[in-house]
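Take a look at the structure below.
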Amino acid sequence: MSGTTQVAAVLNPAADRAWAAQAELHRVCRVLGWPDPVVRYTTVTEPGARQAREALQDGADLVLAGGGDGTVRQVAGVLAGTGVPLGILPLGTANLFARNLGLPRHGVQEMVRVALQGGQRELDVGLVTYVQLGPAGPVESSPHHFLVLVGIGHDAATVADTRQDLKRWVRWLAYFAPGARRLGSPLLPLRLEVDGGPRQDVPAWSMLIGNCGLIPAGITVVADAELDDGLLDLVRVAPPSVLHWGPIALKGLLGWRRDVPGLAYQQGRGLRVFSEDPVTIQIDGDPHPEVLEVDATVLPRALTVRTPRSARATEIAELMRGWAGRRAEARIVQLLRHTPPAELDDVLTELDLVSLVRKVDDRRFGPDHRSDLLDLLVRERREHLSLATLTRLVRALHTGPTPRSHEHAIRDLVLSLRGEDLRLFKTLTNTAGSHHDLDHLVFDDIDDEGVRADILTHIAREAAGNPSEDLRILCDIDDTVLCMLHDKRYPRGSVYPGVVELLQALDRGAAQHPGRPGDLTFITARPSDPRGLVESYTRNGLAGLGLPQHSVMTGHILNLATKGRIAERKMVNFDRSRLLFPECQVVFIGDNGQADVEVGRAMLARDPDHVRAVFIHNVTGAGEDERAALAAEGIWLFDGYDDAAARAHELGLVSAEGLEQVRAAVRAGVAHTP
């Protein structure tokens, strides 16, 4: 595209990493010499279609959809048939359409690169109408576009019964309980018509009309489904008994191509399904109850989508689909080994590295393909990989179990980085947008004390005599960012005026050239868990506030018993932060409702040279005597965030512009509820 390319983005502001994606989008457009993208945000009542129509009316050359499958479907339905390409930023829960296309789903930089500069594919779009039983009788719906599948029957009822809040926190696992309850449900008496042919009686537990082959958890519904063949794939799920669910599940999880009882397949350009009794259907995850008839057709190659460019990456992605046997694993390693040095990083950028590492395995009696893969990427071809790719590779190595070979590969990779490269790698790893951050990597996922010591020694050696101008911000959440426990001045759950602007100003710093983002870490006593669900809950609760890129350090259930225990855990997190970022000074922001005064005092006592300032939000109405006593210890008590910003400016921590932005936010009004 030319330098006059106008990019529009339709962004769900509540999506995980939405703000990081927006920042990266602006950065890359400027690097390319393109105009700044026009960003429109979705709302509950306007989930994306209106925003996409406005983008087309304004002459957008490329429209990006940032969010989950719902956002992508809304935008795709508007772009279908226009020729204007769609770029996808997969920021949602399942990201099924992106998964089927093999799009990057973990690294924001990779998402944006493919969405803006990827190749183009013309893909099919499904169109469905249904007849719904209303109060006055049957009513035909308006047409709905779909990208992945339409489910009819117990599958759709499972989707309808899934708690949305649980789905947000535990993702596809939220479907397990309502789905398990229905496994023994009787088959539904459905009838089917394919391409206008005769109607057939097809009793089924569920009927799936698919445009794609993969659904959540990597389950393959239709192994041979193609996104551009001009056909819809129909799957009839009708297990003869509950015992037949085992082979059906294994076929989906492992991608078997062999036939199993209870599954039947057909294809067609037009599919109609009828039910005498009302049933629930779901269209790309959106349930619709009391349906009597479904009419689905395909719009061949109606949607132009940005996709990865590399044919080599496409071949590897195909080899990774379903269960990868020894030959597929060997072929994957061979393809990567023979990728030219200048192309290797681009190929890996287009692949899901988490899946790559898990699909390529070491066998009990050989061959050891995963070991070969790690030797290739971490040791033989390390110099050919960018920092962004190295960061994604480390994330892949500590997603799920972290065996000894992974720990050694991580250590060797970290020890190969020096100076500014190491600093940037640490920041990128720590702001990955999930619990797979630097803290969990070093202190939780790595079990070998020797490996951990090697990494921390290397970090300390590289930091010695090389202090960074970047400031680390350690910030509490409850009664510091959100009014929650002790403060009666604002509604519970509201965001304090000016706090977001202060955190942004501290993250930018006071220098003329702002430091790189990603220096903010929230430390909280909320307990952690092995899957990072509490951290996801916390991170999602902060989504949409416009905060800088950040990480979350949680506590332990035993540390909630007393204020002393809360303080103890926060000090553990402080010590971890010191070991991971010894080159950076720290600012701590907390409140005087629980234990943060003691935490700040302990930080100053333990490492006064490392702690630049301690700010304590006065939520208990402490008087001037207590304020003066704390100031004598170097602890600054403040009532509003304009006061905190003024003191931070005096200490040289924020710029004059940052100070004014905080003051303007405080003047602008009352706290708001996210």
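The values are calculated or read from the model by the stated rules, or taken from the named source; none is laboratory data. Computed from a prediction, not measured in an experiment: that's the story for all the values here. Note: ideal-geometry Cβ built from the backbone for every residue, glycine included; neighbour counts use all protein chains shown. When the accessible area is computed, the model is the full protein with side chains, heavy atoms only, and any ligands, DNA or RNA have been set aside. Shrake-Rupley method; radii C 1.70, N 1.55, O 1.52, S 1.80 Å.
Please report, in debye to the nearest 20, how large the charge dipole of region 571-649 is about its Cα centre when each Lys and Arg carries +1 at its beta carbon and each Asp and Glu carries -1 there. The partial results should precede the final answer.
Details: 7 positive and 14 negative charges, 64 e Å.
I would put it at about 300 debye.
Which shape class, rounded, prolate or oblate, goes with region 616-660 when its Cα gyration tensor gives a ≥ b ≥ c as root eigenvalues, a/c under 1.5 marks rounded, and past that a/b bigger than b/c marks prolate? Could you put the intermediate results ahead of the total?
Values: a/c = 3.53, a/b = 1.76, b/c = 2.01.
Note, shape of region 616-660 comes out oblate.
Nearest 20 debye, what's the magnitude of the dipole of region 336-385 about its Cα centre given +1 on Lys and Arg Cβ and -1 on Asp and Glu Cβ? Write down the numbers at each step before the final one.
Values: 9 positive and 12 negative charges, 62 e Å.
Using only the charged Cβ atoms, the result is roughly 300 debye.
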> Between Ala464 and Arg331, what is the spin-label point distance in nm, taking each point 7 Å from the Cα along the Cα→C-beta axis?
Replying inline: 5.1 nm
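Taking a ≥ b ≥ c as the square roots of the Cα gyration tensor eigenvalues, with a/c under 1.5 meaning rounded and otherwise prolate when a/b beats b/c, else oblate, which class fits region 591-674?
The shape class here is oblate.
Sort region 1-116 into rounded, prolate or oblate with this rule: let a ≥ b ≥ c be the square roots of the eigenvalues of the Cα gyration tensor; rounded if a/c is under 1.5, and if a/c is not under 1.5, prolate when a/b is larger than b/c, oblate otherwise.
Working: a/c = 1.41, a/b = 1.10, b/c = 1.28.
Verdict is rounded for region 1-116.
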> Each label point is 7 Å from the Cα along the Cα-to-Cβ direction; what then is the distance between the points at Glu315 and Arg382, in nm?
Replying inline: 2.8 nm
> Label point 7 Å out from Ser371 along Cα-to-Cβ: which residues of region 317-338 have amide N under 18 Å?
Replying inline: 326-327, 329-331, 333-334
>> Using amide H atoms built in the peptide plane, which far-off residues or other-chain residues are under 5 Å from Gly66 H to H?
In response: Val10, Leu11, Asn12, Leu89
>> If I model a spin label as a point 7 Å beyond the Cα along the Cα-Cβ vector, how far apart are those points for Glu449 and Thr129 in nm?
In response: 7.2 nm
> How much net charge surrounds Gly137 when only other residues with a Cβ under 14 Å from its Cβ are counted (Lys, Arg +1; Asp, Glu -1)?
Replying inline: -3
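Using the per-residue mean of other Cβ atoms lying within 10 Å as a proxy for protection, in what order, highest first, do the peptides 263-276, 66-79 fall? Numbers along the way, then the final one.
Values: 263-276: 17.6, 66-79: 25.7.
With the highest mean Cβ count within 10 Å placed first, the list reads 66-79, 263-276.
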> Exactly which trypsin sites (Lys or Arg not before Pro) in region 370-477 are in a DSSP loop and have at most 14 other Cβ atoms within 10 Å?
Replying inline: Arg418
> In region 269-375, carbon and sulfur make up what percent of the accessible area (probe 1.4 Å)?
Replying inline: 47 percent
> Which residue, chosen from Gly658, Gly640, Leu630, occupies the Cα position most advanced towards the positive end of the dipole of region 611-674, where the dipole is computed from +1 (Lys, Arg) and -1 (Asp, Glu) charges on Cβ about the Cα centre?
Replying inline: Gly658
> So, counting K/R as plus one and D/E as minus one, what does the shell of residues with Cβ under 9 Å around Ser275 add up to?
Replying inline: -2
> Residue by residue, what Karplus-based ³J(HN,Hα) values in Hz, rounded to whole numbers, does region 583-596 have, using 6.51, -1.76 and 1.60 with θ = phi - 60° and x for Gly and Pro?
Replying inline: 7, 10, 7, 10, 10, 10, 10, x, 9, 9, x, 10, 10, 6
> How much length is gained if the chain between Thr43 and Ala342 is pulled fully straight, taking 0.36 nm per residue apart and subtracting their Cα-Cα distance, in nm to one decimal?
Replying inline: 103.4 nm
